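This report refers to the structure that appears directly beneath it.
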Amino acid sequence: MSNAVAHAEAHGHAVHHDALQHHFETMQQQKEASTLGMWVFLLTEVLFFGGLFFAYLLYRVWYFDAFAEASRTLDISLGAFNTAVLIGSSLTMALAVRSAQTNQRSATVRWLISTIVLGCVFLGVKVVEYADKFEHHHVPGPHFISESPWAAQEQLFFSLYFTMTGLHALHMIVGVGIMSVITWMAAKGKFDEHYYTPVEMAGLYWHFVDLVWIYLFPLLYLVERHN
Amino acid sequence: MSGHVSPKSLYYSIFGALMVLTAITVFAAFLNLGAMNAPLALAIATFKATLVVLFFMHVKYSSRLTKLVVTTSLFFLAILLGEMMMDYATRGLGVIPPPLQ
């Protein structure tokens, strides 16, 4: 706190939290600015995935039979399992933020590590699913094989499948990286009940990635499963 | 200063609700609801997303400015999807491009 005291004397104002940057008046204002910035970033992410969702919806309307056929080649139990894993990781993330808010350092680290582990489980299952697609020649391109009369349109489905789940997985990989740094910071004692903004911002990102999957799962895996 | 702290039980309840809704989504996909399958799946997904945004992402307890940005993202998304849909609709959505070779 000595730095803060010296800083306060130099500026002639009251002692404040070490984490408060000099261009903010209060911790509350600083947190509000971070939250706003994070949500503006997430807004751009909504539009980024929004364009892909539109492409998906348009081709699905046009080539519904091909999309239904291609969707049936995806493993619904792996998809549902991964959905549960990701929702579970959102729970552990929310609890990590809560532990940081209530200044429980070891609990914060524990929940963050749980989040990373669940994220890695998700990515591991994705690797198994991708490997299966390669093995069955479901990857669009010269090696694509399909018995159905809509082989060309099925490739559109798989192109969108790999693009959307691939970009989602990329977000997960980035998320695991961010979580690792946040976990290290938490373990070093950088956060307390007055300053836990990085944990909360990382949480917003993580929950957003969960949100994207909430839409991807029914749209990609459940096009037409009845009959 | 430390913001709104939700009780742990709230987070566990939201988690439970999300899991139940996922199960309902899978179950509903195996029912033949005709044209209603896709709208139902999207409605459930949107309900799940709303729970995540409000409670896991704390928007329910956020400032009005944050709420405005969240709403704005939906507004921008509506413009993006709406205008692209207008583009395709006015050129005939029923005109399906021929298969790629």
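In this structure, is residue A:150 surrounded by 16 or more Cβ atoms within 10 Å (Cβ to Cβ) and more than 25 Å from the chain's Cα centre (by Cα)? Spell out how you get there, then give the answer.
Values: surrounded by 16 or more Cβ atoms within 10 Å (Cβ to Cβ): yes; more than 25 Å from the chain's Cα centre (by Cα): yes.
For residue A:150, the condition - surrounded by 16 or more Cβ atoms within 10 Å (Cβ to Cβ) and more than 25 Å from the chain's Cα centre (by Cα) - is met.
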* To do: Please indicate, with yes or no, whether at least one residue in the stretch B:24-33 is within 7 Å of another protein chain (Cβ to nearest Cβ) and touching a Lys or Arg at 6+ places or on another chain (Cβ under 8 Å).
  => yes
**Asked** Do we find that residue B:80 is at the interface with chain A (Cβ under 9 Å from one of its Cβ atoms), in contact with a helix residue (DSSP H, G or I) (Cβ under 6 Å, 6 or more places away or on another chain) and closer than 18 Å to residue A:57 by Cα in this structure?
**Response** yes
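Report whether or not residue A:44 is open to solvent by less than 30 Å² (accessible area, probe 1.4 Å), in a helix (DSSP H, G or I) and either touching a residue at least 12 places away in the same chain (Cβ under 8 Å) or within 11 Å of chain B (Cβ to nearest Cβ) (or both).
For residue A:44, the condition - open to solvent by less than 30 Å² (accessible area, probe 1.4 Å), in a helix (DSSP H, G or I) and either touching a residue at least 12 places away in the same chain (Cβ under 8 Å) or within 11 Å of chain B (Cβ to nearest Cβ) (or both) - is not met.
Return yes or no: is residue B:55 hydrophobic (A, V, I, L, M, F, W, C) and within 9 Å of another protein chain (Cβ to nearest Cβ)?
Working: hydrophobic (A, V, I, L, M, F, W, C): yes; within 9 Å of another protein chain (Cβ to nearest Cβ): yes.
Spelling it out, residue B:55 is indeed hydrophobic (A, V, I, L, M, F, W, C) and within 9 Å of another protein chain (Cβ to nearest Cβ).
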Every listed condition ((1) open to solvent by 30 Å² or more (accessible area, probe 1.4 Å); (2) within 14 Å of chain B (Cβ to nearest Cβ)) holds for residue A:207 save (1)
Over the stretch B:1-22, the set of residues facing chain A (nearest Cβ under 8 Å) and either closer than 22 Å to residue A:77 by Cα or in contact (Cβ under 8 Å) with a residue 60 or more places away in the chain (or both) is B:15, B:18, B:19, B:22
Given (1) surrounded by 15 or more Cβ atoms within 10 Å (Cβ to Cβ); (2) more than 9 Å from every other protein chain (Cβ to nearest Cβ); (3) over 28 Å from residue B:73 (Cα atoms), residue A:82 misses just (3)
Taking the stretch A:155-189 and keeping residues over 17 Å from the mean Cα position of the chain (by Cα), free of Cβ contacts under 8 Å to residues at least 60 places away in the same chain and either surrounded by 14 or more Cβ atoms within 10 Å (Cβ to Cβ) or in a helix (DSSP H, G or I) (or both) leaves A:155, A:159, A:184, A:185
So, first residue free of Cβ contacts under 8 Å to residues at least 40 places away in the same chain in the stretch A:74-95, second residue among the polar types (S, T, N, Q) and in a helix (DSSP H, G or I), Cβ within less than 8 Å, six or more apart or across chains; the pairs are A:84/B:22; A:92/A:114; A:92/A:115
Please determine whether any residue of the stretch B:91-101 is more than 9 Å from chain A (Cβ to nearest Cβ), part of a helix (DSSP H, G or I) and open to solvent by 50 Å² or more (accessible area, probe 1.4 Å).
no
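The values are calculated or read from the model by the stated rules, or taken from the named source; none is laboratory data. Because the structure is a prediction, the values reported are computed rather than measured. Every residue, glycine among them, receives a Cβ derived from its backbone with ideal geometry; neighbour counts consider all protein chains shown. To get the accessible areas, we keep the full protein, side chains included, count just its heavy atoms, and leave off ligands, DNA and RNA. Shrake-Rupley method; radii C 1.70, N 1.55, O 1.52, S 1.80 Å.
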